Ligand code: BES
Ligand code: ZN
Ligand code: ZN
(Lines give C-alpha, C1' and ligand atoms only; values in the text may rest on other atoms or scores of the structure.)
(Ligands and ions follow the chains in the order given, each with its own letter.)
Protein backbone atom coordinates (compact mmCIF):
# COMPACT_ATOMS: atom_id res chain seq x y z
CA UNK A 1 0.00 0.00 0.00
CA UNK A 2 1.48 3.30 -1.13
CA UNK A 3 0.99 6.53 0.80
CA UNK A 4 1.13 9.93 -0.88
CA UNK A 5 1.02 13.21 1.00
CA UNK A 6 -0.57 15.89 -1.19
CA UNK A 7 -0.25 19.55 -0.21
CA UNK A 8 -1.41 21.47 -3.27
CA UNK A 9 -4.85 22.85 -2.81
CA UNK A 10 -7.10 22.97 -5.81
CA UNK A 11 -7.62 20.41 -8.55
CA UNK A 12 -6.80 16.81 -7.84
CA UNK A 13 -7.20 13.92 -10.27
CA UNK A 14 -9.03 11.17 -8.42
CA UNK A 15 -8.17 7.60 -9.40
CA UNK A 16 -10.96 5.15 -10.18
CA UNK A 17 -12.53 3.15 -7.28
CA UNK A 18 -11.79 6.02 -4.94
CA UNK A 19 -13.30 7.27 -1.71
CA UNK A 20 -12.88 10.68 -0.11
CA UNK A 21 -12.75 10.35 3.67
CA UNK A 22 -13.90 13.35 5.71
CA UNK A 23 -13.35 13.22 9.49
CA UNK A 24 -15.79 14.75 11.98
CA UNK A 25 -15.88 15.01 15.77
CA UNK A 26 -19.04 14.53 17.81
CA UNK A 27 -18.73 18.02 19.31
CA UNK A 28 -17.51 19.72 16.13
CA UNK A 29 -19.58 18.44 13.24
CA UNK A 30 -18.09 20.80 10.67
CA UNK A 31 -17.34 19.39 7.24
CA UNK A 32 -14.29 21.42 6.33
CA UNK A 33 -12.80 18.97 3.84
CA UNK A 34 -11.19 21.07 1.12
CA UNK A 35 -11.83 18.58 -1.67
CA UNK A 36 -15.47 17.86 -0.88
CA UNK A 37 -17.79 19.03 -3.66
CA UNK A 38 -20.43 21.52 -2.44
CA UNK A 39 -23.31 19.24 -3.44
CA UNK A 40 -21.78 16.28 -1.57
CA UNK A 41 -21.23 18.50 1.42
CA UNK A 42 -24.95 19.34 1.37
CA UNK A 43 -25.83 15.64 1.21
CA UNK A 44 -23.56 14.80 4.15
CA UNK A 45 -24.73 17.85 6.09
CA UNK A 46 -28.28 16.62 5.71
CA UNK A 47 -27.29 13.32 7.40
CA UNK A 48 -25.90 15.40 10.26
CA UNK A 49 -28.96 17.66 10.46
CA UNK A 50 -31.30 14.67 10.57
CA UNK A 51 -29.10 13.15 13.32
CA UNK A 52 -28.44 10.08 11.19
CA UNK A 53 -24.71 10.78 11.70
CA UNK A 54 -23.62 12.00 15.13
CA UNK A 55 -19.83 11.84 14.82
CA UNK A 56 -19.46 9.11 17.44
CA UNK A 57 -16.25 7.05 17.38
CA UNK A 58 -16.31 4.18 14.84
CA UNK A 59 -19.43 5.58 13.14
CA UNK A 60 -19.43 6.39 9.42
CA UNK A 61 -21.84 7.33 6.65
CA UNK A 62 -21.37 6.90 2.91
CA UNK A 63 -22.77 8.69 -0.10
CA UNK A 64 -22.14 6.91 -3.36
CA UNK A 65 -23.72 9.06 -6.05
CA UNK A 66 -21.28 11.88 -5.76
CA UNK A 67 -21.00 15.20 -7.54
CA UNK A 68 -17.24 15.20 -6.91
CA UNK A 69 -14.82 13.18 -9.04
CA UNK A 70 -14.40 10.47 -6.38
CA UNK A 71 -16.70 7.42 -6.35
CA UNK A 72 -17.81 7.69 -2.72
CA UNK A 73 -17.62 10.27 0.04
CA UNK A 74 -17.44 8.87 3.57
CA UNK A 75 -17.64 10.88 6.74
CA UNK A 76 -16.13 9.18 9.74
CA UNK A 77 -16.85 9.86 13.39
CA UNK A 78 -14.04 10.32 15.91
CA UNK A 79 -15.96 10.95 19.15
CA UNK A 80 -15.35 14.03 21.32
CA UNK A 81 -12.46 16.24 20.24
CA UNK A 82 -10.89 16.64 23.70
CA UNK A 83 -11.04 12.87 24.27
CA UNK A 84 -9.25 12.19 21.00
CA UNK A 85 -6.45 9.58 21.03
CA UNK A 86 -4.56 7.81 18.24
CA UNK A 87 -6.36 4.60 19.23
CA UNK A 88 -9.71 6.20 18.35
CA UNK A 89 -8.44 6.94 14.82
CA UNK A 90 -6.96 3.42 14.58
CA UNK A 91 -10.30 1.89 15.49
CA UNK A 92 -12.27 4.28 13.27
CA UNK A 93 -10.15 3.16 10.32
CA UNK A 94 -10.56 -0.50 11.24
CA UNK A 95 -14.32 -0.05 11.45
CA UNK A 96 -14.26 1.44 7.96
CA UNK A 97 -12.59 -1.57 6.34
CA UNK A 98 -15.69 -3.76 5.76
CA UNK A 99 -17.43 -0.81 4.07
CA UNK A 100 -14.41 -0.09 1.87
CA UNK A 101 -14.40 -3.73 0.86
CA UNK A 102 -18.10 -3.72 -0.02
CA UNK A 103 -17.61 -0.56 -2.07
CA UNK A 104 -14.53 -2.08 -3.75
CA UNK A 105 -12.46 0.96 -2.93
CA UNK A 106 -8.85 0.87 -4.09
CA UNK A 107 -7.69 4.41 -3.52
CA UNK A 108 -8.46 6.35 -0.34
CA UNK A 109 -8.19 10.12 -0.13
CA UNK A 110 -8.02 11.36 3.45
CA UNK A 111 -9.19 14.96 3.34
CA UNK A 112 -7.57 16.69 6.32
CA UNK A 113 -7.86 20.32 5.18
CA UNK A 114 -8.68 21.76 8.60
CA UNK A 115 -7.58 18.91 10.85
CA UNK A 116 -3.90 19.51 11.55
CA UNK A 117 -3.91 17.32 14.67
CA UNK A 118 -5.47 14.25 13.05
CA UNK A 119 -3.40 11.11 13.96
CA UNK A 120 -2.73 10.05 10.37
CA UNK A 121 -0.35 7.18 11.14
CA UNK A 122 -2.78 5.58 13.58
CA UNK A 123 -5.52 5.84 10.95
CA UNK A 124 -3.24 4.01 8.49
CA UNK A 125 -2.58 1.32 11.13
CA UNK A 126 -6.32 0.63 11.24
CA UNK A 127 -6.56 0.46 7.45
CA UNK A 128 -3.68 -2.03 7.07
CA UNK A 129 -4.52 -4.19 10.12
CA UNK A 130 -8.27 -4.04 9.46
CA UNK A 131 -7.94 -5.46 5.96
CA UNK A 132 -6.06 -8.57 7.09
CA UNK A 133 -7.56 -11.90 6.07
CA UNK A 134 -6.43 -15.50 6.23
CA UNK A 135 -8.17 -17.31 3.40
CA UNK A 136 -5.50 -19.38 1.72
CA UNK A 137 -6.87 -22.73 2.88
CA UNK A 138 -10.46 -22.06 1.73
CA UNK A 139 -11.74 -23.16 -1.64
CA UNK A 140 -14.01 -20.13 -1.73
CA UNK A 141 -12.55 -17.27 0.28
CA UNK A 142 -15.32 -15.82 2.46
CA UNK A 143 -15.00 -12.32 1.14
CA UNK A 144 -14.64 -13.08 -2.58
CA UNK A 145 -11.84 -11.68 -4.72
CA UNK A 146 -12.32 -8.08 -3.63
CA UNK A 147 -9.41 -5.77 -4.41
CA UNK A 148 -7.55 -4.36 -1.47
CA UNK A 149 -6.56 -0.75 -1.00
CA UNK A 150 -3.45 0.01 -3.00
CA UNK A 151 -3.03 3.73 -2.33
CA UNK A 152 -3.83 6.28 0.33
CA UNK A 153 -3.49 9.97 -0.48
CA UNK A 154 -3.30 12.19 2.57
CA UNK A 155 -4.54 15.66 1.62
CA UNK A 156 -3.15 18.32 3.96
CA UNK A 157 -2.73 22.10 4.09
CA UNK A 158 0.32 23.92 2.67
CA UNK A 159 1.79 24.82 6.08
CA UNK A 160 2.27 21.24 7.37
CA UNK A 161 5.57 19.34 7.05
CA UNK A 162 4.53 17.03 4.23
CA UNK A 163 7.87 15.22 3.87
CA UNK A 164 8.01 14.32 7.58
CA UNK A 165 4.42 13.12 7.50
CA UNK A 166 5.04 10.98 4.43
CA UNK A 167 8.10 9.37 6.07
CA UNK A 168 6.12 8.62 9.25
CA UNK A 169 3.30 7.13 7.17
CA UNK A 170 5.69 4.81 5.35
CA UNK A 171 7.05 3.52 8.67
CA UNK A 172 3.54 2.98 10.04
CA UNK A 173 2.45 1.02 6.97
CA UNK A 174 5.61 -1.08 7.03
CA UNK A 175 5.11 -1.90 10.72
CA UNK A 176 1.52 -2.99 10.11
CA UNK A 177 2.39 -5.07 7.05
CA UNK A 178 5.02 -6.82 9.17
CA UNK A 179 2.44 -7.34 11.94
CA UNK A 180 0.19 -8.92 9.32
CA UNK A 181 3.18 -11.11 8.37
CA UNK A 182 3.37 -12.29 11.99
CA UNK A 183 -0.37 -12.99 11.96
CA UNK A 184 0.09 -15.10 8.85
CA UNK A 185 2.91 -17.16 10.40
CA UNK A 186 0.80 -17.70 13.52
CA UNK A 187 -2.42 -18.62 11.70
CA UNK A 188 -0.60 -21.12 9.48
CA UNK A 189 -1.39 -24.61 10.80
CA UNK A 190 1.18 -26.45 12.91
CA UNK A 191 1.65 -29.27 10.39
CA UNK A 192 3.19 -26.62 8.13
CA UNK A 193 4.57 -24.05 10.57
CA UNK A 194 7.29 -26.26 12.01
CA UNK A 195 10.67 -25.24 13.51
CA UNK A 196 12.12 -25.87 10.04
CA UNK A 197 9.54 -23.53 8.45
CA UNK A 198 10.38 -20.79 10.97
CA UNK A 199 14.06 -21.18 10.06
CA UNK A 200 13.23 -20.98 6.36
CA UNK A 201 11.22 -17.82 6.99
CA UNK A 202 14.21 -16.26 8.79
CA UNK A 203 16.52 -17.25 5.92
CA UNK A 204 14.10 -15.49 3.57
CA UNK A 205 14.38 -12.25 5.57
CA UNK A 206 18.17 -12.52 5.44
CA UNK A 207 18.13 -13.20 1.69
CA UNK A 208 15.97 -10.19 0.96
CA UNK A 209 17.67 -7.75 3.29
CA UNK A 210 21.29 -8.90 3.36
CA UNK A 211 21.32 -9.30 7.16
CA UNK A 212 23.05 -12.31 8.73
CA UNK A 213 21.19 -15.51 9.49
CA UNK A 214 22.43 -18.45 11.53
CA UNK A 215 20.42 -21.62 12.14
CA UNK A 216 21.74 -24.09 14.70
CA UNK A 217 20.57 -27.69 14.23
CA UNK A 218 20.44 -30.39 16.93
CA UNK A 219 24.06 -31.49 16.59
CA UNK A 220 25.33 -27.93 17.11
CA UNK A 221 22.85 -27.41 19.93
CA UNK A 222 24.14 -30.56 21.65
CA UNK A 223 27.75 -29.39 21.26
CA UNK A 224 26.80 -26.09 22.90
CA UNK A 225 25.02 -27.87 25.75
CA UNK A 226 21.54 -26.54 24.99
CA UNK A 227 19.89 -29.46 26.73
CA UNK A 228 16.83 -27.50 27.89
CA UNK A 229 15.91 -26.68 24.29
CA UNK A 230 16.77 -30.19 23.07
CA UNK A 231 14.82 -31.76 25.95
CA UNK A 232 11.58 -30.06 24.90
CA UNK A 233 11.97 -31.31 21.30
CA UNK A 234 12.73 -34.92 22.29
CA UNK A 235 9.14 -36.10 21.95
CA UNK A 236 8.78 -34.75 18.41
CA UNK A 237 9.81 -35.95 14.96
CA UNK A 238 10.59 -32.29 14.16
CA UNK A 239 14.10 -31.40 15.26
CA UNK A 240 14.72 -28.28 17.34
CA UNK A 241 16.35 -25.19 15.86
CA UNK A 242 17.95 -22.07 17.25
CA UNK A 243 17.45 -19.28 14.75
CA UNK A 244 19.47 -16.04 14.79
CA UNK A 245 19.03 -12.94 12.63
CA UNK A 246 21.51 -10.11 13.03
CA UNK A 247 21.05 -6.54 11.78
CA UNK A 248 24.44 -4.86 12.03
CA UNK A 249 24.94 -1.09 11.78
CA UNK A 250 28.49 0.23 11.63
CA UNK A 251 27.64 3.68 13.10
CA UNK A 252 26.97 2.41 16.60
CA UNK A 253 28.28 0.06 19.29
CA UNK A 254 24.85 -0.29 20.88
CA UNK A 255 23.38 -3.78 20.61
CA UNK A 256 19.98 -4.97 21.71
CA UNK A 257 18.53 -8.47 21.54
CA UNK A 258 14.96 -9.65 21.02
CA UNK A 259 14.13 -13.27 21.80
CA UNK A 260 10.84 -15.00 20.91
CA UNK A 261 9.34 -18.31 22.10
CA UNK A 262 8.91 -20.56 19.06
CA UNK A 263 6.95 -23.61 20.23
CA UNK A 264 5.26 -24.50 16.96
CA UNK A 265 2.81 -26.78 18.77
CA UNK A 266 2.40 -27.34 22.50
CA UNK A 267 0.60 -30.56 23.42
CA UNK A 268 1.98 -30.13 26.93
CA UNK A 269 4.17 -33.19 26.36
CA UNK A 270 3.80 -36.04 28.89
CA UNK A 271 2.04 -33.54 31.21
CA UNK A 272 -0.51 -33.42 28.40
CA UNK A 273 -3.06 -30.63 27.98
CA UNK A 274 -6.84 -31.21 27.86
CA UNK A 275 -8.20 -31.74 24.33
CA UNK A 276 -10.77 -28.91 24.27
CA UNK A 277 -8.53 -26.00 23.30
CA UNK A 278 -5.36 -27.82 22.37
CA UNK A 279 -5.63 -26.77 18.72
CA UNK A 280 -5.01 -23.19 19.86
CA UNK A 281 -1.50 -24.20 20.84
CA UNK A 282 -0.45 -23.69 17.22
CA UNK A 283 -0.19 -20.07 18.40
CA UNK A 284 2.55 -20.95 20.86
CA UNK A 285 5.08 -19.53 18.40
CA UNK A 286 3.61 -16.01 18.44
CA UNK A 287 6.64 -14.64 20.29
CA UNK A 288 8.85 -16.03 17.52
CA UNK A 289 6.57 -14.61 14.83
CA UNK A 290 6.68 -11.18 16.50
CA UNK A 291 10.47 -10.96 16.78
CA UNK A 292 11.10 -12.36 13.29
CA UNK A 293 8.63 -9.95 11.70
CA UNK A 294 10.10 -7.08 13.72
CA UNK A 295 13.31 -7.91 11.83
CA UNK A 296 11.39 -7.40 8.57
CA UNK A 297 10.89 -3.75 9.51
CA UNK A 298 14.33 -3.29 11.08
CA UNK A 299 16.23 -4.69 8.11
CA UNK A 300 14.18 -2.47 5.80
CA UNK A 301 14.53 0.74 7.83
CA UNK A 302 18.12 0.02 8.92
CA UNK A 303 18.13 2.22 12.06
CA UNK A 304 21.56 2.97 13.60
CA UNK A 305 21.50 0.23 16.23
CA UNK A 306 22.60 -3.41 16.19
CA UNK A 307 19.72 -5.82 16.64
CA UNK A 308 20.06 -9.54 17.31
CA UNK A 309 16.91 -11.63 17.01
CA UNK A 310 16.94 -15.11 18.51
CA UNK A 311 14.25 -17.79 18.26
CA UNK A 312 14.44 -21.14 20.05
CA UNK A 313 12.08 -23.32 18.00
CA UNK A 314 10.70 -26.72 19.01
CA UNK A 315 7.55 -28.78 18.98
CA UNK A 316 6.38 -30.08 22.39
CA UNK A 317 5.05 -33.60 21.69
CA UNK A 318 4.63 -36.91 23.49
CA UNK A 319 6.77 -39.32 21.42
CA UNK A 320 8.54 -42.25 23.05
CA UNK A 321 11.72 -40.25 23.53
CA UNK A 322 9.80 -37.39 25.16
CA UNK A 323 11.17 -35.77 28.27
CA UNK A 324 9.56 -36.99 31.51
CA UNK A 325 8.35 -35.16 34.60
CA UNK A 326 11.25 -35.70 37.00
CA UNK A 327 13.98 -35.35 34.38
CA UNK A 328 16.86 -33.04 35.25
CA UNK A 329 18.49 -31.11 32.41
CA UNK A 330 21.76 -29.22 32.46
CA UNK A 331 21.13 -25.96 30.65
CA UNK A 332 23.54 -24.01 28.43
CA UNK A 333 24.27 -21.72 31.39
CA UNK A 334 25.41 -24.66 33.54
CA UNK A 335 22.44 -24.37 35.91
CA UNK A 336 20.40 -27.56 36.31
CA UNK A 337 16.61 -27.65 36.02
CA UNK A 338 14.22 -30.21 37.41
CA UNK A 339 11.33 -30.66 34.97
CA UNK A 340 8.24 -31.19 37.14
CA UNK A 341 5.82 -30.35 34.36
CA UNK A 342 6.66 -30.84 30.69
CA UNK A 343 3.97 -28.28 29.80
CA UNK A 344 6.11 -25.50 31.28
CA UNK A 345 8.35 -25.85 28.22
CA UNK A 346 8.52 -22.22 27.08
CA UNK A 347 10.73 -21.21 29.99
CA UNK A 348 13.04 -24.15 29.24
CA UNK A 349 13.72 -23.22 25.64
CA UNK A 350 13.98 -19.52 26.57
CA UNK A 351 16.48 -20.33 29.35
CA UNK A 352 18.96 -21.65 26.79
CA UNK A 353 18.16 -18.97 24.21
CA UNK A 354 18.54 -16.06 26.67
CA UNK A 355 21.80 -17.35 28.17
CA UNK A 356 23.24 -18.06 24.70
CA UNK A 357 22.20 -14.65 23.34
CA UNK A 358 23.86 -12.84 26.24
CA UNK A 359 27.06 -14.95 26.17
CA UNK A 360 27.46 -14.76 22.40
CA UNK A 361 26.31 -11.23 21.50
CA UNK A 362 26.77 -9.29 24.77
CA UNK A 363 23.72 -7.09 24.16
CA UNK A 364 23.14 -3.92 26.20
CA UNK A 365 19.47 -4.84 26.60
CA UNK A 366 17.40 -8.00 26.11
CA UNK A 367 13.66 -8.31 25.63
CA UNK A 368 11.83 -11.60 25.25
CA UNK A 369 8.29 -12.17 24.02
CA UNK A 370 6.48 -15.40 24.85
CA UNK A 371 3.04 -16.98 25.07
CA UNK A 372 4.36 -18.22 28.38
CA UNK A 373 1.56 -18.74 30.89
CA UNK A 374 -2.18 -19.26 31.12
CA UNK A 375 -1.80 -17.48 34.48
CA UNK A 376 -1.01 -14.22 32.66
CA UNK A 377 -4.33 -14.52 30.80
CA UNK A 378 -6.09 -15.09 34.13
CA UNK A 379 -4.39 -11.98 35.57
CA UNK A 380 -4.84 -9.49 32.72
CA UNK A 381 -7.32 -11.01 30.27
CA UNK A 382 -6.79 -10.21 26.60
CA UNK A 383 -6.37 -6.44 26.70
CA UNK A 384 -2.78 -6.13 27.91
CA UNK A 385 0.40 -8.18 27.92
CA UNK A 386 2.30 -8.60 31.18
CA UNK A 387 5.74 -7.02 31.38
CA UNK A 388 8.40 -7.95 33.93
CA UNK A 389 11.72 -6.14 34.00
CA UNK A 390 14.96 -5.88 35.94
CA UNK A 391 15.34 -2.30 34.63
CA UNK A 392 12.91 0.57 35.24
CA UNK A 393 14.39 2.50 32.29
CA UNK A 394 13.82 -0.40 29.93
CA UNK A 395 10.27 -0.95 31.23
CA UNK A 396 9.54 2.78 30.83
CA UNK A 397 10.91 2.86 27.27
CA UNK A 398 8.78 -0.13 26.33
CA UNK A 399 5.77 1.55 27.92
CA UNK A 400 6.39 4.65 25.78
CA UNK A 401 6.37 2.49 22.65
CA UNK A 402 3.28 0.72 23.94
CA UNK A 403 1.42 4.01 24.36
CA UNK A 404 2.30 5.06 20.81
CA UNK A 405 1.27 1.79 19.16
CA UNK A 406 -1.77 0.83 21.25
CA UNK A 407 -0.17 -2.57 22.01
CA UNK A 408 -0.84 -2.46 25.74
CA UNK A 409 1.56 -3.47 28.50
CA UNK A 410 0.95 -3.83 32.23
CA UNK A 411 3.88 -4.22 34.60
CA UNK A 412 3.95 -7.07 37.13
CA UNK A 413 6.52 -7.54 39.90
CA UNK A 414 9.71 -9.58 40.09
CA UNK A 415 10.32 -9.42 43.85
CA UNK A 416 12.85 -11.88 45.29
CA UNK A 417 10.11 -13.61 47.35
CA UNK A 418 8.96 -15.33 44.17
CA UNK A 419 12.42 -16.88 43.63
CA UNK A 420 11.90 -19.28 46.53
CA UNK A 421 8.82 -20.73 44.84
CA UNK A 422 10.89 -22.30 42.08
CA UNK A 423 13.83 -23.69 44.04
CA UNK A 424 14.67 -27.26 42.92
CA UNK A 425 14.63 -30.27 45.22
CA UNK A 426 17.44 -32.16 43.49
CA UNK A 427 18.50 -29.52 40.94
CA UNK A 428 19.19 -25.79 41.08
CA UNK A 429 15.75 -24.72 39.89
CA UNK A 430 12.35 -26.33 39.27
CA UNK A 431 10.41 -25.47 36.12
CA UNK A 432 7.12 -24.85 37.93
CA UNK A 433 5.92 -23.03 41.04
CA UNK A 434 2.50 -23.02 42.70
CA UNK A 435 -0.57 -22.19 40.60
CA UNK A 436 -1.07 -18.78 42.17
CA UNK A 437 1.19 -16.09 40.71
CA UNK A 438 2.15 -18.47 37.90
CA UNK A 439 3.05 -15.72 35.42
CA UNK A 440 5.45 -14.22 37.96
CA UNK A 441 7.18 -17.46 38.93
CA UNK A 442 7.69 -18.12 35.21
CA UNK A 443 9.36 -14.72 34.86
CA UNK A 444 11.40 -15.42 38.03
CA UNK A 445 12.60 -18.62 36.34
CA UNK A 446 13.79 -16.73 33.26
CA UNK A 447 15.61 -14.19 35.46
CA UNK A 448 18.09 -16.95 36.37
CA UNK A 449 19.39 -16.91 32.79
CA UNK A 450 19.95 -13.22 32.07
CA UNK A 451 22.64 -12.35 34.63
CA UNK A 452 23.12 -8.59 35.01
CA UNK A 453 22.02 -7.62 31.51
CA UNK A 454 18.99 -5.30 31.71
CA UNK A 455 16.10 -7.49 30.63
CA UNK A 456 12.35 -7.37 30.08
CA UNK A 457 10.04 -10.34 29.64
CA UNK A 458 6.70 -9.77 27.93
CA UNK A 459 4.09 -12.49 28.43
CA UNK A 460 1.82 -12.28 25.38
CA UNK A 461 -0.34 -15.34 26.18
CA UNK A 462 -3.44 -13.11 26.38
CA UNK A 463 -2.75 -10.70 23.54
CA UNK A 464 -1.34 -12.92 20.79
CA UNK A 465 -4.69 -14.44 19.83
CA UNK A 466 -8.23 -14.85 21.12
CA UNK A 467 -8.63 -11.12 21.62
CA UNK A 468 -12.32 -10.13 21.49
CA UNK A 469 -13.15 -8.35 18.24
CA UNK A 470 -11.86 -4.82 17.92
CA UNK A 471 -12.37 -2.95 14.64
CA UNK A 472 -8.88 -3.92 13.47
CA UNK A 473 -8.34 -7.27 15.22
CA UNK A 474 -10.70 -10.09 14.32
CA UNK A 475 -10.99 -12.59 17.16
CA UNK A 476 -10.49 -15.54 14.83
CA UNK A 477 -6.99 -14.42 13.81
CA UNK A 478 -3.71 -14.00 15.65
CA UNK A 479 -3.03 -10.32 16.34
CA UNK A 480 0.65 -9.97 15.44
CA UNK A 481 1.03 -8.32 18.86
CA UNK A 482 4.59 -7.19 19.51
CA UNK A 483 5.80 -6.28 16.02
CA UNK A 484 4.69 -2.65 16.24
CA UNK A 485 5.65 -2.40 19.92
CA UNK A 486 9.19 -3.72 19.42
CA UNK A 487 9.80 -1.83 16.18
CA UNK A 488 8.68 1.46 17.77
CA UNK A 489 10.87 0.80 20.82
CA UNK A 490 13.90 0.02 18.64
CA UNK A 491 13.39 3.10 16.44
CA UNK A 492 13.05 5.28 19.56
CA UNK A 493 16.29 3.82 20.98
CA UNK A 494 18.15 4.33 17.72
CA UNK A 495 17.05 7.97 17.58
CA UNK A 496 17.97 8.56 21.19
CA UNK A 497 21.44 7.43 20.19
CA UNK A 498 22.53 6.78 23.78
N1 BES B 1 1.87 -22.22 26.01
C2 BES B 1 1.44 -22.39 27.34
C3 BES B 1 0.85 -21.11 27.93
C4 BES B 1 -0.53 -20.74 27.48
C5 BES B 1 -1.64 -21.44 27.93
C6 BES B 1 -0.71 -19.65 26.66
C7 BES B 1 -2.90 -21.05 27.54
C8 BES B 1 -1.98 -19.26 26.29
C9 BES B 1 -3.07 -19.96 26.72
C10 BES B 1 2.60 -22.80 28.23
O11 BES B 1 3.57 -23.57 27.63
C12 BES B 1 2.01 -23.59 29.34
O13 BES B 1 1.44 -24.61 29.07
N14 BES B 1 2.15 -23.11 30.56
C15 BES B 1 1.57 -23.75 31.69
C16 BES B 1 2.54 -23.62 32.83
C17 BES B 1 2.20 -24.47 34.02
C18 BES B 1 2.33 -25.94 33.69
C19 BES B 1 3.10 -24.09 35.16
C20 BES B 1 0.26 -23.03 32.03
O21 BES B 1 0.19 -21.81 31.90
O22 BES B 1 -0.70 -23.71 32.38
ZN1 ZN C 1 3.15 -25.65 27.68
ZN1 ZN D 1 3.80 -23.32 25.57
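Brief remarks follow.
- Restricting the range 6-20 to residues that are touching a helix residue (DSSP H, G or I) at 6+ places or on another chain (Cβ under 9 Å) and modelled with pLDDT of 95 or more, the residue that is surrounded by the fewest Cβ atoms within 10 Å (Cβ to Cβ) is 19.
- Within this structure, residue 163 passes the test of being at pLDDT below 95 and in contact with a strand residue (DSSP E or B) (Cβ under 9 Å, 6 or more places away or on another chain).
- Residue in the range 277-284 that is surrounded by fewer than 16 Cβ atoms within 10 Å (Cβ to Cβ), within 12 Å of ligand 2 (Cβ to nearest atom), touching a residue at least 24 places away in the same chain (Cβ under 8 Å) and within 17 Å of residue 235 (Cβ to Cβ) present: no
- Residues of the range 148-169 that are in contact with a helix residue (DSSP H, G or I) (Cβ under 9 Å, 6 or more places away or on another chain), under 18 Å from residue 131 (Cα atoms) and surrounded by fewer than 19 Cβ atoms within 10 Å (Cβ to Cβ): 148 alone.
- Residue check for residue 368: under 21 Å from the mean Cα position of the chain (by Cα) and either within 16 Å of ligand 3 (Cβ to nearest atom) or at pLDDT 95 or above (or both): yes
- Residue 29 vs. criteria closer than 27 Å to residue 470 by Cβ and surrounded by fewer than 20 Cβ atoms within 10 Å (Cβ to Cβ): yes
- Residue within the range 329-341 that is under 17 Å from residue 261 (Cβ atoms), in a loop (DSSP other than H, G, I, E, B) and more than 16 Å from ligand 2 (Cβ to nearest atom) present: yes
- Failed item, numbered, when residue 250 is tested on (1) under 24 Å from residue 320 (Cα atoms); (2) more than 10 Å from ligand 2 (Cβ to nearest atom); (3) surrounded by fewer than 19 Cβ atoms within 10 Å (Cβ to Cβ): (1)
- For first residues located in the range 246-268 and over 19 Å from residue 296 (Cα atoms), partners that are part of a loop (DSSP other than H, G, I, E, B) and within 16 Å of ligand 1 (Cβ to nearest atom) and lie 6+ apart or on another chain with Cβ distances below 6 Å form the pairs 264/190; 264/193; 265/190; 267/317; 267/318; 268/343.
- Matching residues in the range 356-375 - criterion: being crowded, with 24+ Cβ neighbours inside 10 Å and farther than 22 Å from residue 409 by Cα: 356, 357
- Of the strands (runs of 3 or more DSSP E) lying entirely inside the range 191-300, those carrying at least 2 residues that are on the phi < 0 side of the Ramachandran plot and more than 16 Å from ligand 1 (Cβ to nearest atom) are 212-216, 241-247, 255-260.
- Residue match in the range 305-328 (condition: part of a loop (DSSP other than H, G, I, E, B), more than 13 Å from ligand 2 (Cβ to nearest atom) and either closer than 30 Å to residue 173 by Cβ or at pLDDT below 95 (or both)): yes
Residue by residue, here is whether (1) buried (at least 21 other Cβ atoms within 10 Å of the Cβ); (2) assigned to a loop (DSSP other than H, G, I, E, B); (3) in contact (Cβ under 8 Å) with a residue 12 or more places away in the chain holds:
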residue: 22; (1), (2), (3): yes, no, yes
residue: 33; (1), (2), (3): yes, yes, yes
residue: 41; (1), (2), (3): no, no, no
residue: 69; (1), (2), (3): no, yes, yes
residue: 100; (1), (2), (3): yes, no, yes
residue: 117; (1), (2), (3): no, yes, yes
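- Residue that is touching a strand residue (DSSP E or B) at 6+ places or on another chain (Cβ under 7 Å) and surrounded by fewer than 17 Cβ atoms within 10 Å (Cβ to Cβ), where the choices are 136, 52: 52
- Residues in the range 460-480 that are in contact with a helix residue (DSSP H, G or I) (Cβ under 8 Å, 6 or more places away or on another chain), within 16 Å of ligand 3 (Cβ to nearest atom) and closer than 19 Å to residue 404 by Cα: 2 in all.
- Residue that is more than 16 Å from ligand 2 (Cβ to nearest atom) and at pLDDT below 95, where the choices are 225, 210: 210
The values are calculated or read from the model by the stated rules, or taken from the named source; none is laboratory data. Since we're looking at a predicted model, the values are computed, not measured. A quick note on method: Cβ atoms are made from the backbone with ideal geometry, for glycine too, and the neighbour counts reach across all protein chains shown.
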